[in-house]
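Engineer: Got a structure here, written out as structure tokens. Questions coming.
The values are calculated or read from the model by the stated rules, or taken from the named source; none is laboratory data. Keep in mind that this is a model prediction, so the values were computed, not measured. Every residue, glycine among them, receives a Cβ derived from its backbone with ideal geometry; neighbour counts consider all protein chains shown. Surface accessibility is based on the protein's heavy atoms, side chains included, excluding ligands, DNA and RNA. Shrake-Rupley method; radii C 1.70, N 1.55, O 1.52, S 1.80 Å.
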Amino acid sequence: MKTISSPAIILKKIEYGDSDLIITFFTLNHGKITAIAKYAKKSKKRFASVLEPFGELNIVMTSGRNKELLILTEAQLSHSFTEIKKNILKTAYASYWTEIINKSIENSVTEKQIYALFYKLLNLIDKNIISETAANIIFQIRFANIVGIKPDLKNCCLCKREINGVKGEKLFFDIEKGAIVCEACNGGDKKNIPLFKGTIKQLLWVQDKEIEKALKIKFTEYCLRQATDFMERFIGYYVAKEFKSLKFLKEIG
Ligand SMILES: [Zn+2]
């Protein structure tokens, strides 16, 4: 019998039969793992209501007779993001990040960098240390770095000029190429996403700096809007077609 223990955050929870829950955890030590929590629905005592999103748990799972599905045997809350749970906007952002992670990582592959990024940003919006919108841009761009879909923001991918050396403020992003195109190279192409030089510079800052420096960013209002729109389209293109939680964010935002 195999036993696994790890800090974990819930990614997804579904009801199974009358009394059980099937839960997908993002674990620090073993990546994404799905387990069954028997009698969790019926008996509140069993897991003392800790099987809720936006908390970090310490969990223990063992393999049952059916080796495919692990059985959750212990779950203790180690950290609760109480402000996220109380605030619908914070919940919506946290749900969006949860969905990005759930849709893009493989089962049982350890992803400590993603776990650390996720935990850190949940903690920062929970404590009101940075705005949800800035946190959202930082989460998405750094997530893209870690999973190897880093958008190339330094040079025009056609003429190879550095963005600082390009005339004018207006540049574009070719989502299929995953790279910048300058105005001269873009011509009249309407499919590329317009991005101002100022926005690109702010994105580069949060993309490449050490996380503590990146977190000090003060987005200008316009760049914030442009960068938000850009990152959501970029992540949507590379990670999943459409996010339920993003739709919800748009409805309440
Ligand atoms: Zn160019």
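Engineer: Cut-off 10 angstrom, C-alpha nodes, Gaussian network model of the chain. Which of Tyr238, Tyr222, Tyr115 fluctuates the most?
Structural biologist: Tyr222
Engineer: What's the FRET efficiency of Glu183 with Thr220 using the Cβ-Cβ distance as r and R₀ = 22 Å, to the nearest 0.05?
Structural biologist: That pair, Glu183 with Thr220, gives E of 0.60.
Engineer: Rounded to the nearest 500, what is the chain's calculated 222 nm mean residue ellipticity when only DSSP H runs of at least 4 contribute -39500 (n - 2.57) each, over all residues?
Structural biologist: Computed ellipticity for the chain at 222 nm equals -12000 deg cm²/dmol.
Engineer: In Å², what does the accessible area per residue of the chain work out to with a 1.4 Å probe?
Structural biologist: 52 Å²
Engineer: Among Ala75, Phe26, Trp97, which residue has its Cα positioned farthest towards the positive end of the charge dipole of the range 1-114, with +1 placed on the Cβ of Lys and Arg, -1 on the Cβ of Asp and Glu, and the dipole taken about the Cα centre?
Structural biologist: Checking the options against the dipole of the range 1-114, the answer is Ala75.
Engineer: Also, I was wondering about something else. Mind grabbing the base-10 log of I(q)/I(0) for the range 1-112 at q = 0.18, 0.20 Å⁻¹? Debye formula, identical points on the C-alpha positions, no solvent, two decimal places.
Structural biologist: Ignoring solvent entirely, the Cα scatterers give -0.91, -1.12.
Engineer: Span-like helices, the chain: DSSP H, alpha-carbon axial extent 20 Å or more, mean Kyte-Doolittle -1.0 or greater, which ones?
Structural biologist: 88-104, 112-126, 132-147, 221-238
Engineer: So which residue, out of Asp174, Asp189, Asp126, gets the largest mean-square fluctuation from a GNM of the chain using Cα contacts under 10 Å as springs?
Structural biologist: Asp189
Engineer: Then there's this: Calculate the tail of P(r) for the range 103-252: the fraction of all Cα-Cα distances greater than 19 Å, expressed in %.
Structural biologist: 55 percent
Engineer: Just the ratio, please: alpha-carbon radius of gyration of the range 10-54 over 2.2 N^0.38 Å, N its number of residues.
Structural biologist: So the Cα radius of gyration is 1.12 times the expected 2.2 N^0.38 Å.
Engineer: Over all directions, how big on average is the projection of the convex hull of the alpha-carbon atoms in the chain, in square nanometres?
Structural biologist: 14.8 nm²
Engineer: Considering only protein heavy atoms and a probe of 1.4 Å, how much of the accessible area of the chain is carbon and sulfur, as a whole percent?
Structural biologist: 51 percent
Engineer: Which pairs break 26 Å Cα to Cα here: Lys90/Lys177; Lys218/Lys250; Lys177/Lys201; Lys120/Lys167; Lys167/Lys247?
Structural biologist: Lys90/Lys177; Lys120/Lys167; Lys167/Lys247
Engineer: Does anything in the range 134-155 have its amide N under 19 Å from the 7 Å Cα→Cβ label point of Lys112, and if so which residues?
Structural biologist: 143, 145-148
Engineer: Continuing with the same structure: Could you check the spin-label model distance between Lys154 and Ser19? Points 7 Å from the Cα along Cα→Cβ, value in nm.
Structural biologist: 5.9 nm
Engineer: Under a Cβ-only charge scheme (Lys and Arg +1, Asp and Glu -1), can you give me the dipole magnitude of the chain about the Cα centre, in debye to the nearest 20?
Structural biologist: 180 debye
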